Amino acid sequence: MEPNVPETPMSRRKFIETSSGVAVAAIAPSVLSQAAQPADRPDKRKTIGIQIGAVSFVDEGTDKVLDLLQERGAIDTIYLTTFTYGRGLSGRQIPGHPFPDHGVQESDESFFHGGNYATPHPEFYRDTVLKPAHAPDHGDLDVVAAVLPAAKKRGLRVFCSIEDVFRSDVPGAKEVAEVDLQGRRANTLCLCHGDVRAFWTGLATDLCRSYDIDGILFFNERNGPLLNALGASHAQSIASSRVTCFCEHHQRAAKERGVDHQRARQGFQKLDQFVQAALQGRRPSDGYFVEFWRLLVEWPEIIAWDRLFDAAKHQVLAEVNAAVKRVRPGLQVGFHVEHVNSFNPLFRATRSYADLATKADFLKVVVYNNCGGERYANFIRNVGSTVFRDVPKGELLRFNNHLLDYGDEAQLNELAAAGLSPDYVYRETRRALAGVQGKCKVLPGIDVGIPTGKNSRKASPDDTYAAVAAALKAGADGLILSRKYSEMQLANLAAAGRAVREAAKR
Ligand SMILES: [Zn+2]
C-alpha cells in the first residue's frame, strides 16, 4: 500500500479505509491466520508487549502493523499511547535521528502536538480545571476506537498508556502549575493539587468506561526536588534554583506531616548555594560529600520535602489504580518505573518495589541497556560534578557499580559506545522480582532503538535478542518493547520475537 500523506492530518474515514481495507488485502491469508491463532502465543503466562503511538497506525495501516507485531515480535499486548504531549511515546522518530525501515520517512514536526488521542468525554472531567483536548495530530481520529476492534479480533490485549507530560497552553494547566523555589510558576503540574489528581482519575476512568480495554499503563518520570537540585539523573540539567514545588497545596501537605515549610525553603536555598559553588569548583574545606551530608543533617526538611513529592506521585498512582478497579476489578494497572531507578542509588532508596507492588498489577521496570551506557555515564558525570566531585569519575563509576550490583560493565570513557550489557538487564530484572515478592508482575522495558548520541551504542538485532533473552532468563513475567514502534528497526523486532519463541521452547 501507499504510505499516507503526512502533510495533512488524515480524516478518520480515510484512516479506517486504509487500515482495514487495503492493508488486509495486501497480506497473504496464510500469514494472517497464523498470526491470529492463540497458539502462536509462545507462553500464555508471559506478556509480550510493545509501546506504540497513533502515528504508526495512521502511517502504515492498522492491520499491517498488527500483523508485523504478531509475526515478527511475537507480540500479544499493545500499550497504545493514548495521553501525552511528549515525543518519547508519541509521534514519529524524534527529529535529528534516522528513520527506521518502516513508516513515513519524513518528520512529523509540522503536525505533532499531543493530547488525548482517544475522545475525552466531558463528564469525567467535571472535578478538574485541567481540560486537555483531543490530540489534533490526526484530525478527529480516535486511535483507541480505531485499533481496538482489530486488536481484539486477533486476541491481542490493549492497554492505554497515559503519561504526565504536558504543554503549558493546555486549558487549566497554568492554574495547577507547580511553584519553584523562587516563587515562579513552573511548566510542570502539582501532584498535590486536587484538580491534577482528579484529572488523572478522571482520565483513567474515562478510558476504562468508554472502551473495552484491558487496563492502563501510567507513566510519570518526574523527580522530587532533591534529585532535581543535584541533577542526579541522566538527562536533566542541574537547575538547583528551579526546584519545585512550594505551592499552597504543598505547604498544607507539609503542615499535616509536621514539616516546616520555611525551613524546607531555607534548606533548598542552602542546597542551591552548595550546588552552584560545586559546579564552579569552589571546594568546601571539608570536601564536597561531607558538606552535602552536613546539609542533610542540619536541614532534614530537605529530605522531608523531597518525600512530599514521592508521596504525592505515589498517591496519584494509588488513586488511578483504585479508580480503574472501580470500573471493573479485572482491569489491570501498570506503572512505568523510570531509568534513573536503575543507576542512582539515592533514587533507588526512595523506591520500594514492595510498596509499589501494592499499588499496581504490574511494574514496567526500565532496563534499557543500549542507551543505558550513555545515560549512566551522564549520571556519573552529573553527580561527579557536585556531591562526589572529590572522586575521580572513573573510580566513582566503579564504586557505584558495586553499590548497584552491576557486573563487568565498560569503563566511563567507553560506556556510551559500549552500552550496558545484557547482564545488566538480567540483574535488574532479578532485583525487581525479588523486590515485589510476588505481589505484582514485573515486565522489564526493553530498549529497541531508543535514539542515542552520534557515537553512542545503537542496538543491533543481536543486542535486542540478548536483552530479551536475559529478561526472560531472569524469570520476568513478560516484557515491554520500548519506547515506541516508530523508532524500531524491523530486524530488531524480529530478533525480540525470536528470543521470545526460543525461550518458550525451553
Ligand atoms: Zn505544589
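The values are calculated or read from the model by the stated rules, or taken from the named source; none is laboratory data. Just so we're clear, the structure is a prediction, and the values are computed from it rather than from any experiment. Backbone-built Cβ (ideal geometry, glycine too); neighbour counts: all protein chains shown. The protein model used for the area step is the full one, side chains on, heavy atoms only, and it has no ligands, DNA or RNA in it. Shrake-Rupley method; radii C 1.70, N 1.55, O 1.52, S 1.80 Å.
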*Hey, among Val468, Val442, which residue is touching a Leu at 6+ places or on another chain (Cβ under 9 Å) and part of a helix (DSSP H, G or I)?*
Val468
*Applying the selection to segment 157-178, what residues are aliphatic (A, V, I, L, M) and either touching a residue at least 60 places away in the same chain (Cβ under 8 Å) or within 10 Å of the ligand (Cβ to nearest atom) (or both)?*
Val158, Ile162, Val165, Val170, Val176, Ala177
_Looking at Leu191, Leu181, can you tell me which residue is more than 27 Å from Phe335 (Cα to Cα) and either away from the ligand (no atom under 16 Å from the Cβ) or touching a helix residue (DSSP H, G or I) at 6+ places or on another chain (Cβ under 9 Å) (or both)?_
Leu181
*Restricting attention to segment 198-251, which residues are in a helix (DSSP H, G or I), among the charged types (D, E, K, R) and surrounded by fewer than 21 Cβ atoms within 10 Å (Cβ to Cβ)?*
Arg209, Glu248
*List the number of the failed condition for Arg398; all other conditions in (1) over 27 Å from Ile78 (Cβ atoms); (2) touching a Cys at 6+ places or on another chain (Cβ under 8 Å); (3) not acidic (Asp, Glu) hold.*
(2)
_I'd like the full set of residues that are open to solvent by 20 Å² or more (accessible area, probe 1.4 Å) and either of a type in the set (Phe, Trp, Tyr) or closer than 21 Å to Glu428 by Cβ (or both), limited to segment 459-498._
Ala459, Ser460, Asp462, Asp463, Tyr465, Ala466, Ala469, Leu472, Lys473, Gly475, Asp477, Arg483
*Of all residues in segment 232-267, which are within 16 Å of the ligand (Cβ to nearest atom) and under 14 Å from Arg184 (Cβ atoms)?*
Arg242, Val243, Thr244, Cys245, Phe246, Cys247, Arg265
*Got a number for residues in segment 311-337 being open to solvent by 10 Å² or more (accessible area, probe 1.4 Å) and farther than 17 Å from Phe199 by Cα?*
5
*Among the residues of segment 392-404 satisfying the criterion of being open to solvent by 50 Å² or more (accessible area, probe 1.4 Å) and not aromatic (Phe, Trp, Tyr), which is farthest from Ala349 (Cα to Cα)?*
Pro392
*Counting just the residues of segment 194-230 that are closer than 30 Å to Phe292 by Cβ and either in contact with a Cys (Cβ under 7 Å, 6 or more places away or on another chain) or of a type in the set (A, V, I, L, M) (or both), which one comes out farthest from the ligand (Cβ to nearest atom)?*
Leu230
